Amino acid sequence: MLHFIFGAATAGITGSSEVIQLFDLSSLSTQIDAGLVTANASYLANRVSGDAQTDTEFVAVLKAHDGALANFPSDILSPLASQFGSTITDGDVSTWETVSVQWLIPAGTNYLSFAIDQFWPDTRKTVEHK
Ligand SMILES: [Ca+2]
């Protein structure tokens, strides 16, 4: 379980609290370039009721990268493309909300990064999802 303590967003940055997992897809390049590979990612989120400053929106961000896996994280802000899904969580700790994203992986992708972030909704408009 990942526990976010604080997650203020900053323009150009996907969030100050996030976790990112990388997926090497180089062995699937032929199928990806043919438009045959789809990514499906999801996780469960929950939060305390908090106050007016409590982050309520959780996002799942997939970014496609064409460079070498070793280039990460320097190429995190220059992906080929990205796709995200989001969910506004309730303040009921007895329920879990699903956050998911599905995406036909674009041609030229060598690896994917999958990020879990959370936002206070009014701050997301300042965040850049490439
Ligand atoms: Ca809940």
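A few comments on the model shown:
- The stretch 91-108 - residue that is of a type in the set (V, I, T) and exposed (fewer than 12 other Cβ atoms within 10 Å of the Cβ) and, of those, nearest to the ligand (Cβ to nearest atom): T95
- Within the stretch 75-90, restricting attention to residues that are part of a loop (DSSP other than H, G, I, E, B) and not hydroxyl-bearing (S, T, Y), the residue that is surrounded by the most Cβ atoms within 10 Å (Cβ to Cβ) is P79.
- Residue satisfying all of: in the stretch 99-130; at pLDDT below 95 and part of a loop (DSSP other than H, G, I, E, B); farthest from F72 (Cα to Cα) among these: W120
- Taken together, the residues in the stretch 34-44 that are within 15 Å of the chain's Cα centre (by Cα) and surrounded by fewer than 19 Cβ atoms within 10 Å (Cβ to Cβ) amount to 5.
- From the list I88, I76, the lone residue that is within 16 Å of the ligand (Cβ to nearest atom), aliphatic (A, V, I, L, M) and closer than 16 Å to I116 by Cβ is I88.
- Single residue of the stretch 85-98 satisfying the filter (at pLDDT 95 or above and among the β-branched types (V, I, T)) that is nearest to the chain's Cα centre (by Cα): T98
- Total residues in the stretch 20-31, condition among the β-branched types (V, I, T) and exposed (fewer than 12 other Cβ atoms within 10 Å of the Cβ): 1
- Those residues of the stretch 45-72 which are crowded, with 17+ Cβ neighbours inside 10 Å, under 12 Å from T109 (Cβ atoms) and among the small types (G, A, S), in sequence order: A64
- Of all residues in the stretch 46-71, those satisfying the criterion of being assigned to a loop (DSSP other than H, G, I, E, B) and within 24 Å of H3 (Cβ to Cβ) are N46, R47, V48, S49, G50, D51, A52, Q53, T54, D55, T56.
The values are calculated or read from the model by the stated rules, or taken from the named source; none is laboratory data. From a predicted model like this one, the values you see are computed outputs, not experimental measurements. Methodologically, a virtual Cβ is constructed for each residue, glycine included, from the backbone with ideal geometry; neighbour enumeration extends over all protein chains shown.
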